[in-house]
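Read through the structure below, which is laid out as C-alpha coordinates, and then see the notes.
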Amino acid sequence: MARLKAGLRRTSNSLTSGIGAIFTGRRLDEAALEELEELLIAGDLGAATAAELTAALAQQRFGAEVTAIEVRRALADQIADLLAPVEGALAIDDDAKPHVILVAGVNGTGKTTTIGKLAQSLSREGRRVMLVAGDTFRAAAVEQLTIWGERAGAPVVARPDGGDPAGLAFDALERARAEGIDKIDRVLKKLDPRAPHSRLLVLDATTGQNALNQVDVFREAIAVDGLVMTKLDGTAKGGVLVALAQRFGVPVVALGIGEGIDDLRPFEARAFATALMGLDE
(Lines give C-alpha, C1' and ligand atoms only; values in the text may rest on other atoms or scores of the structure.)
Protein backbone atom coordinates (compact mmCIF):
# COMPACT_ATOMS: atom_id res chain seq x y z
CA MET A 1 0.00 0.00 0.00
CA ALA A 2 2.79 2.43 0.87
CA ARG A 3 4.51 1.79 -2.48
CA LEU A 4 1.27 2.29 -4.39
CA LYS A 5 0.47 5.45 -2.47
CA ALA A 6 3.93 6.81 -3.27
CA GLY A 7 3.49 5.91 -6.94
CA LEU A 8 0.18 7.77 -7.13
CA ARG A 9 1.39 10.77 -5.15
CA ARG A 10 1.31 13.25 -8.03
CA THR A 11 -2.22 12.29 -8.98
CA SER A 12 -3.52 12.17 -5.42
CA ASN A 13 -1.85 15.46 -4.46
CA SER A 14 -3.61 17.21 -7.32
CA LEU A 15 -6.99 15.78 -6.37
CA THR A 16 -6.74 16.11 -2.60
CA SER A 17 -5.48 19.68 -2.68
CA GLY A 18 -8.32 20.60 -5.01
CA ILE A 19 -10.90 18.92 -2.80
CA GLY A 20 -9.44 20.69 0.21
CA ALA A 21 -9.79 24.04 -1.52
CA ILE A 22 -13.43 23.39 -2.42
CA PHE A 23 -14.66 21.94 0.85
CA THR A 24 -13.57 24.21 3.67
CA GLY A 25 -16.54 24.99 5.91
CA ARG A 26 -18.95 24.58 3.02
CA ARG A 27 -22.22 22.85 2.25
CA LEU A 28 -22.52 20.37 -0.57
CA ASP A 29 -24.55 22.56 -2.91
CA GLU A 30 -24.82 22.79 -6.69
CA ALA A 31 -21.86 25.15 -6.96
CA ALA A 32 -19.63 22.87 -4.88
CA LEU A 33 -20.67 19.84 -6.92
CA GLU A 34 -19.90 21.66 -10.15
CA GLU A 35 -16.44 22.62 -8.90
CA LEU A 36 -15.80 19.04 -7.79
CA GLU A 37 -16.92 17.67 -11.14
CA GLU A 38 -14.55 20.04 -12.94
CA LEU A 39 -11.71 18.96 -10.64
CA LEU A 40 -12.33 15.28 -11.37
CA ILE A 41 -12.42 15.93 -15.11
CA ALA A 42 -9.15 17.87 -14.85
CA GLY A 43 -7.74 14.86 -12.97
CA ASP A 44 -8.43 12.72 -16.07
CA LEU A 45 -11.21 10.64 -14.53
CA GLY A 46 -13.33 11.57 -17.55
CA ALA A 47 -16.55 13.55 -17.90
CA ALA A 48 -18.88 10.56 -17.61
CA THR A 49 -17.11 9.23 -14.52
CA ALA A 50 -16.97 12.66 -12.89
CA ALA A 51 -20.71 13.13 -13.42
CA GLU A 52 -21.45 9.69 -12.00
CA LEU A 53 -19.31 10.24 -8.90
CA THR A 54 -20.68 13.69 -8.10
CA ALA A 55 -24.27 12.52 -8.61
CA ALA A 56 -23.72 9.68 -6.15
CA LEU A 57 -22.16 12.07 -3.64
CA ALA A 58 -25.09 14.48 -4.01
CA GLN A 59 -27.54 11.67 -3.36
CA GLN A 60 -25.78 10.89 -0.09
CA ARG A 61 -24.97 14.32 1.33
CA PHE A 62 -26.60 17.10 -0.71
CA GLY A 63 -27.26 20.18 1.40
CA ALA A 64 -25.13 18.99 4.30
CA GLU A 65 -21.93 20.61 5.46
CA VAL A 66 -19.08 18.29 4.58
CA THR A 67 -15.35 18.27 5.18
CA ALA A 68 -12.68 17.53 2.61
CA ILE A 69 -11.79 14.23 4.29
CA GLU A 70 -15.44 13.13 4.19
CA VAL A 71 -15.60 13.87 0.48
CA ARG A 72 -12.36 12.00 -0.17
CA ARG A 73 -13.59 8.96 1.75
CA ALA A 74 -16.91 8.96 -0.07
CA LEU A 75 -15.18 9.25 -3.45
CA ALA A 76 -12.73 6.48 -2.55
CA ASP A 77 -15.66 4.17 -1.76
CA GLN A 78 -17.43 5.03 -5.01
CA ILE A 79 -14.28 4.63 -7.10
CA ALA A 80 -13.50 1.29 -5.45
CA ASP A 81 -16.99 0.06 -6.35
CA LEU A 82 -16.56 1.28 -9.92
CA LEU A 83 -13.16 -0.42 -10.26
CA ALA A 84 -14.08 -3.70 -8.57
CA PRO A 85 -15.44 -5.34 -11.77
CA VAL A 86 -12.13 -4.76 -13.59
CA GLU A 87 -9.90 -6.01 -10.79
CA GLY A 88 -8.11 -8.71 -12.73
CA ALA A 89 -5.04 -10.89 -12.64
CA LEU A 90 -3.07 -12.60 -15.36
CA ALA A 91 -4.50 -16.10 -15.30
CA ILE A 92 -2.11 -18.68 -16.72
CA ASP A 93 -3.87 -21.65 -18.30
CA ASP A 94 -1.83 -24.67 -17.27
CA ASP A 95 -3.53 -26.70 -19.99
CA ALA A 96 -2.10 -24.39 -22.66
CA LYS A 97 1.38 -25.66 -23.45
CA PRO A 98 2.87 -23.08 -23.58
CA HIS A 99 0.61 -20.22 -22.51
CA VAL A 100 1.26 -17.44 -25.04
CA ILE A 101 0.96 -13.80 -23.95
CA LEU A 102 0.83 -11.10 -26.63
CA VAL A 103 1.88 -7.70 -25.29
CA ALA A 104 0.97 -4.69 -27.43
CA GLY A 105 1.00 -0.91 -27.21
CA VAL A 106 2.24 2.21 -28.95
CA ASN A 107 5.93 3.08 -28.83
CA GLY A 108 7.12 4.49 -25.54
CA THR A 109 4.41 3.10 -23.28
CA GLY A 110 6.80 0.77 -21.45
CA LYS A 111 6.04 -2.53 -23.19
CA THR A 112 9.57 -3.90 -22.99
CA THR A 113 10.00 -2.97 -19.35
CA THR A 114 6.60 -4.46 -18.55
CA ILE A 115 7.50 -7.71 -20.29
CA GLY A 116 10.73 -7.94 -18.31
CA LYS A 117 8.96 -7.35 -15.01
CA LEU A 118 6.24 -9.82 -15.93
CA ALA A 119 8.87 -12.43 -16.79
CA GLN A 120 10.50 -11.89 -13.41
CA SER A 121 7.17 -12.33 -11.63
CA LEU A 122 6.28 -15.51 -13.51
CA SER A 123 9.77 -16.94 -12.96
CA ARG A 124 9.40 -16.41 -9.23
CA GLU A 125 6.20 -18.46 -9.39
CA GLY A 126 8.32 -21.33 -10.64
CA ARG A 127 7.33 -21.00 -14.29
CA ARG A 128 9.72 -21.21 -17.22
CA VAL A 129 9.50 -18.12 -19.39
CA MET A 130 10.62 -17.35 -22.92
CA LEU A 131 10.58 -13.83 -24.35
CA VAL A 132 10.03 -13.06 -28.02
CA ALA A 133 11.19 -9.74 -29.47
CA GLY A 134 8.28 -9.14 -31.83
CA ASP A 135 9.16 -5.49 -32.50
CA THR A 136 11.69 -6.43 -35.16
CA PHE A 137 11.88 -2.95 -36.68
CA ARG A 138 13.33 -1.33 -33.56
CA ALA A 139 16.81 -2.64 -32.79
CA ALA A 140 16.89 -0.79 -29.48
CA ALA A 141 13.73 -2.59 -28.35
CA VAL A 142 15.31 -5.97 -29.09
CA GLU A 143 18.45 -5.02 -27.18
CA GLN A 144 16.42 -3.76 -24.24
CA LEU A 145 14.34 -6.94 -24.12
CA THR A 146 17.53 -9.02 -24.14
CA ILE A 147 18.77 -7.12 -21.08
CA TRP A 148 15.48 -7.65 -19.26
CA GLY A 149 15.53 -11.32 -20.23
CA GLU A 150 18.95 -11.72 -18.65
CA ARG A 151 17.74 -10.06 -15.45
CA ALA A 152 14.72 -12.35 -15.28
CA GLY A 153 16.63 -15.46 -16.32
CA ALA A 154 14.48 -15.91 -19.43
CA PRO A 155 15.80 -16.76 -22.91
CA VAL A 156 15.01 -14.25 -25.66
CA VAL A 157 14.12 -15.17 -29.23
CA ALA A 158 14.84 -12.51 -31.86
CA ARG A 159 15.43 -12.06 -35.57
CA PRO A 160 17.60 -9.63 -37.54
CA ASP A 161 16.34 -6.07 -37.85
CA GLY A 162 13.28 -5.79 -40.07
CA GLY A 163 12.33 -9.46 -39.84
CA ASP A 164 8.72 -10.58 -40.08
CA PRO A 165 7.16 -10.34 -36.57
CA ALA A 166 4.46 -12.91 -37.40
CA GLY A 167 7.05 -15.41 -38.61
CA LEU A 168 9.13 -14.78 -35.51
CA ALA A 169 6.17 -15.47 -33.25
CA PHE A 170 5.51 -18.74 -35.12
CA ASP A 171 9.13 -19.88 -34.82
CA ALA A 172 9.29 -18.91 -31.16
CA LEU A 173 6.24 -20.98 -30.27
CA GLU A 174 7.72 -23.99 -32.05
CA ARG A 175 11.02 -23.51 -30.22
CA ALA A 176 9.29 -23.15 -26.86
CA ARG A 177 7.60 -26.48 -27.37
CA ALA A 178 10.67 -28.21 -28.80
CA GLU A 179 12.86 -27.08 -25.90
CA GLY A 180 10.33 -28.27 -23.36
CA ILE A 181 9.75 -24.82 -21.94
CA ASP A 182 6.12 -25.85 -21.51
CA LYS A 183 7.21 -28.85 -19.39
CA ILE A 184 5.40 -31.38 -21.54
CA ASP A 185 6.91 -34.68 -22.65
CA ARG A 186 6.51 -34.46 -26.39
CA VAL A 187 7.00 -31.86 -29.05
CA LEU A 188 3.68 -30.62 -30.38
CA LYS A 189 3.54 -30.64 -34.17
CA LYS A 190 0.91 -27.99 -34.71
CA LEU A 191 0.52 -24.48 -33.38
CA ASP A 192 -2.16 -24.05 -30.75
CA PRO A 193 -5.15 -22.49 -32.55
CA ARG A 194 -6.10 -20.69 -29.31
CA ALA A 195 -2.85 -18.72 -29.10
CA PRO A 196 -2.27 -16.09 -27.98
CA HIS A 197 -4.03 -17.04 -24.77
CA SER A 198 -3.69 -13.56 -23.24
CA ARG A 199 -3.65 -10.21 -25.05
CA LEU A 200 -2.33 -7.40 -22.90
CA LEU A 201 -2.33 -3.74 -23.85
CA VAL A 202 0.26 -1.54 -22.14
CA LEU A 203 -0.83 2.06 -21.57
CA ASP A 204 1.24 5.03 -20.44
CA ALA A 205 -0.55 6.96 -17.69
CA THR A 206 1.13 10.19 -18.77
CA THR A 207 -0.97 10.20 -21.97
CA GLY A 208 -4.13 10.84 -19.97
CA GLN A 209 -7.35 10.71 -21.96
CA ASN A 210 -5.49 9.62 -25.10
CA ALA A 211 -5.30 6.18 -23.49
CA LEU A 212 -9.01 5.75 -24.24
CA ASN A 213 -8.37 6.17 -27.96
CA GLN A 214 -5.56 3.60 -27.80
CA VAL A 215 -7.85 1.04 -26.18
CA ASP A 216 -10.46 1.64 -28.88
CA VAL A 217 -7.95 1.00 -31.67
CA PHE A 218 -6.17 -2.00 -30.16
CA ARG A 219 -9.39 -3.74 -29.12
CA GLU A 220 -10.41 -3.82 -32.76
CA ALA A 221 -7.04 -5.23 -33.81
CA ILE A 222 -6.27 -7.87 -31.17
CA ALA A 223 -9.30 -8.29 -28.88
CA VAL A 224 -7.51 -6.95 -25.79
CA ASP A 225 -8.43 -8.87 -22.64
CA GLY A 226 -6.14 -7.19 -20.10
CA LEU A 227 -4.63 -3.76 -19.43
CA VAL A 228 -1.34 -2.76 -17.82
CA MET A 229 -0.99 0.90 -16.79
CA THR A 230 2.60 2.13 -16.56
CA LYS A 231 4.40 5.28 -15.39
CA LEU A 232 1.84 6.09 -12.70
CA ASP A 233 4.67 7.44 -10.56
CA GLY A 234 5.54 10.13 -13.09
CA THR A 235 2.22 11.85 -13.73
CA ALA A 236 -0.82 13.55 -12.21
CA LYS A 237 -3.04 11.79 -14.78
CA GLY A 238 -3.43 8.44 -13.03
CA GLY A 239 -7.16 9.05 -12.72
CA VAL A 240 -7.52 7.98 -16.35
CA LEU A 241 -7.58 4.39 -15.11
CA VAL A 242 -11.00 5.10 -13.59
CA ALA A 243 -12.23 6.47 -16.92
CA LEU A 244 -10.96 3.34 -18.69
CA ALA A 245 -12.81 1.08 -16.26
CA GLN A 246 -16.02 3.06 -16.59
CA ARG A 247 -15.94 3.05 -20.40
CA PHE A 248 -14.52 -0.33 -21.38
CA GLY A 249 -14.73 -2.72 -18.46
CA VAL A 250 -11.51 -4.46 -19.57
CA PRO A 251 -9.69 -6.16 -16.66
CA VAL A 252 -6.69 -4.27 -15.30
CA VAL A 253 -3.94 -6.83 -14.78
CA ALA A 254 -1.12 -4.76 -13.28
CA LEU A 255 0.24 -1.30 -12.52
CA GLY A 256 3.74 0.00 -13.18
CA ILE A 257 4.76 2.29 -10.33
CA GLY A 258 8.53 2.54 -10.77
CA GLU A 259 11.59 1.50 -12.76
CA GLY A 260 12.66 -1.44 -10.60
CA ILE A 261 12.13 -5.01 -11.73
CA ASP A 262 9.75 -5.52 -8.81
CA ASP A 263 7.71 -2.39 -9.54
CA LEU A 264 4.95 -4.13 -11.48
CA ARG A 265 2.15 -4.64 -8.97
CA PRO A 266 -1.16 -6.52 -9.18
CA PHE A 267 -4.14 -4.20 -9.51
CA GLU A 268 -6.39 -4.01 -6.46
CA ALA A 269 -9.46 -1.78 -6.78
CA ARG A 270 -9.80 -0.78 -3.12
CA ALA A 271 -6.08 -0.08 -2.69
CA PHE A 272 -5.97 2.02 -5.86
CA ALA A 273 -9.04 4.07 -4.93
CA THR A 274 -7.73 4.67 -1.44
CA ALA A 275 -4.31 5.76 -2.69
CA LEU A 276 -5.89 7.95 -5.37
CA MET A 277 -7.66 9.91 -2.63
CA GLY A 278 -4.50 10.09 -0.51
CA LEU A 279 -5.99 7.94 2.25
CA ASP A 280 -4.59 5.14 4.37
CA GLU A 281 -6.43 1.83 4.31
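The values are calculated or read from the model by the stated rules, or taken from the named source; none is laboratory data. All values reported here derive from a predicted model rather than from experimental measurement. Positions of Cβ are backbone-derived with ideal geometry, glycine not excepted, and every protein chain shown enters the neighbour counts.
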Looking at 48, 76, 6, 56 in this structure, which one is part of a helix (DSSP H, G or I) and over 23 Å from the mean Cα position of the chain (by Cα)? 56
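Could you name every one of the strands (runs of 3 or more DSSP E) located completely within region 161-266 that has at least 3 residues being surrounded by 15 or more Cβ atoms within 10 Å (Cβ to Cβ) and at pLDDT 80 or above?
Details: elements: 198-204, 226-230, 252-256, 264-266.
In region 161-266, 198-204, 226-230, 252-256 are the strands (runs of 3 or more DSSP E) which contain 3 or more residues that are surrounded by 15 or more Cβ atoms within 10 Å (Cβ to Cβ) and at pLDDT 80 or above.
Can you tell me which residues in region 59-73 are in contact with a strand residue (DSSP E or B) (Cβ under 7 Å, 6 or more places away or on another chain) and of a type in the set (Ser, Thr, Tyr)?
Listed by number, the list is empty, since nothing qualifies.
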Residue in region 19-65 that is farthest from residue 212 (Cα to Cα), counting only those that are at pLDDT 95 or above and of a type in the set (Val, Ile, Thr): 22
Given (1) touching a strand residue (DSSP E or B) at 6+ places or on another chain (Cβ under 6 Å); (2) at negative phi; (3) not β-branched (Val, Ile, Thr), number of the condition residue 78 does not satisfy: (1)
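When you check residue 81 against the structure, is it more than 29 Å from residue 272 (Cα to Cα) and not aromatic (Phe, Trp, Tyr), yes or no?
Working: more than 29 Å from residue 272 (Cα to Cα): no; not aromatic (Phe, Trp, Tyr): yes.
So residue 81 does not fit the description; no.
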The residue that is surrounded by the most Cβ atoms within 10 Å (Cβ to Cβ), considering only those in region 267-281 that are in contact with a strand residue (DSSP E or B) (Cβ under 8 Å, 6 or more places away or on another chain) and not in a helix (DSSP H, G or I), is 267
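Can you confirm whether region 73-80 contains a residue that is within 19 Å of residue 204 (Cα to Cα) and touching a residue at least 40 places away in the same chain (Cβ under 8 Å)? I'd like the intermediate steps shown before the answer.
Of region 73-80, the ones within 19 Å of residue 204 (Cα to Cα) are none.
For region 73-80, residues within 19 Å of residue 204 (Cα to Cα) and touching a residue at least 40 places away in the same chain (Cβ under 8 Å): absent.
Please go through region 223-240 and pick out each residue that is of a type in the set (A, V, I, L, M, F, W, C) and out of contact with any Asp or Glu (no Cβ under 9 Å at 6 or more places or on another chain).
Hits for region 223-240 are 223, 224, 227, 228, 232.
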Residue 48 passes all but one of the listed conditions (1) surrounded by 14 or more Cβ atoms within 10 Å (Cβ to Cβ); (2) closer than 16 Å to residue 239 by Cβ; (3) touching a residue at least 40 places away in the same chain (Cβ under 8 Å); the exception is number (1)
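Tally time: how many residues in region 1-58 are of a type outside the set (Phe, Trp, Tyr) and in contact with a strand residue (DSSP E or B) (Cβ under 8 Å, 6 or more places away or on another chain)? Walk me through it before giving the result.
Going residue by residue through region 1-58, those that are of a type outside the set (Phe, Trp, Tyr) are 1-22, 24-58.
Remaining after also requiring in contact with a strand residue (DSSP E or B) (Cβ under 8 Å, 6 or more places away or on another chain): 3-4, 7, 25-28, 32.
Number of matching residues: 8.
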